[in-house]
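**Q** Would you mind keeping the following structure in view while I ask a few things?
The values are calculated or read from the model by the stated rules, or taken from the named source; none is laboratory data. Since the structure is predicted, the reported quantities are computational estimates derived from the model, not experimental observations. Positions of Cβ are generated from backbone atoms using ideal geometry, with glycine treated the same way; all protein chains shown enter the neighbour counts. The accessibility values were calculated without ligands, DNA or RNA, using every heavy atom of the protein model including side chains. Shrake-Rupley method; radii C 1.70, N 1.55, O 1.52, S 1.80 Å.
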Amino acid sequence: AIDSIAESNRRLKALGKSVRLHLSLGGKFFGAEEEREFRSRLDCDDLALDLDFGPEQTRAAEHFGFVAGEEKANLYQACAATLFPTFYESEGMPVWMVEAHAYGQQIITTRWRAIPSIVDGSAVFLTDPGDVSALAAACIGAITADGFQQNRNQFLDRFTLNAHLNKMQQVYENLATI
């Protein structure tokens with residue numbers, strides 16, 4: 001993810017665009033080595049922001065650690081897209097996708113496990129795991145696409161309590177006819 005942000009910003013600068021991407025990373029690291037690599041990567045020159053975003057915004061990525069409640073809501077509302085290029089072996093139905101839909105986020109993720117069958121539409125950008133160039137192109141595409149309403153509607157149609165109860169009722173009604 002962090003390499004794709006650096007590549008996206010390099011491309012945006014080359015195109016003469018006055019916008020840069022910023023990665024707000026939440027959650028914990030799997031281990032101390034992963035965290036050390038991330039913190040070391042933050043110091044690389046390609047993550048220095050070349051536009052003035054204020055004294056607090058000098059790097060193109062930052063780590064917030066575990067976030068919940070209002071802090072998580074504020075992070076989602078401040079972002080244009082959710083980037084989650086997973087290839088985690090046990091990835092099934094990621095909670096972050098439901099949250100991203102709820103906030104109307106553009107979704108940038110990988111063709112991994114069941115993810116492509118869960119998300120669809122023009123507000124979703126799918127890439128192959130490990131393809132930094134494709135992730136960078138998807139990041140740029142996400143900030144120029146307008147998928148808020150589509151993702152919000154998918155959330156309302158698929159992931160609310162009423163949607164769940166309606167689907168459960170349909171299952172029981174179908175079972176009753178067998």
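**Q** As a test of reading the structure, rank I115, I140 by solvent-accessible area (1.4 Å probe, protein chains only), most first.
**A** Final ranking, largest accessible area leading: I140, I115.
**Q** Between beta-carbons, use under 15 Å as the cut-off and find the net charge around A68, counting Lys and Arg +1, Asp and Glu -1.
**A** -1
**Q** Helix-only estimate, please: 222 nm mean residue ellipticity of the chain, summing -39500 (n - 2.57) across DSSP H runs of length 4 or more and dividing by its residues, to the nearest 500.
**A** -14500 deg cm²/dmol
**Q** Further question: Excluding W112 itself, calculate the net charge of residues whose Cβ lies under 11 Å from the Cβ of W112, where each Lys or Arg counts +1 and each Asp or Glu counts -1.
**A** Charge balance in the 11 Å sphere: -1.
**Q** Same structure again: In debye, nearest 20, what is the charge dipole magnitude of the chain about its Cα centre with +1 on Lys and Arg Cβ and -1 on Asp and Glu Cβ, if you could check?
**A** That gives the chain a dipole magnitude of about 380 debye.
**Q** So what is the diffusion coefficient of segment 56-143 in µm² per second by Stokes-Einstein at 37 °C and 0.692 mPa s, using a Kirkwood Rh over Cα pairs?
**A** Answer, rounded: 238 µm²/s.
**Q** Right, here's the next one. Considering only C-alpha atoms, what is the centroid distance from segment 80-144 to segment 1-45, in Å?
**A** Value for the Cα centre distance between the two parts: 16 Å.
**Q** How large is the accessible surface per residue of the chain, computed with a 1.4 Å probe and reported in Å² as a whole number?
**A** Accessible surface, normalised per residue, equals 60 Å².
**Q** A further question follows. Just one of (i) 9, 27, 30, 22, 10, 1; (ii) 9, 32, 36, 15, 5, 2, 0; (iii) 11, 42, 35, 11, 1 is P(r) over Cα pairs in 10 Å bins from 0, in percent calculated from these coordinates, so which is it?
**A** Read-out taken from this structure: (ii).
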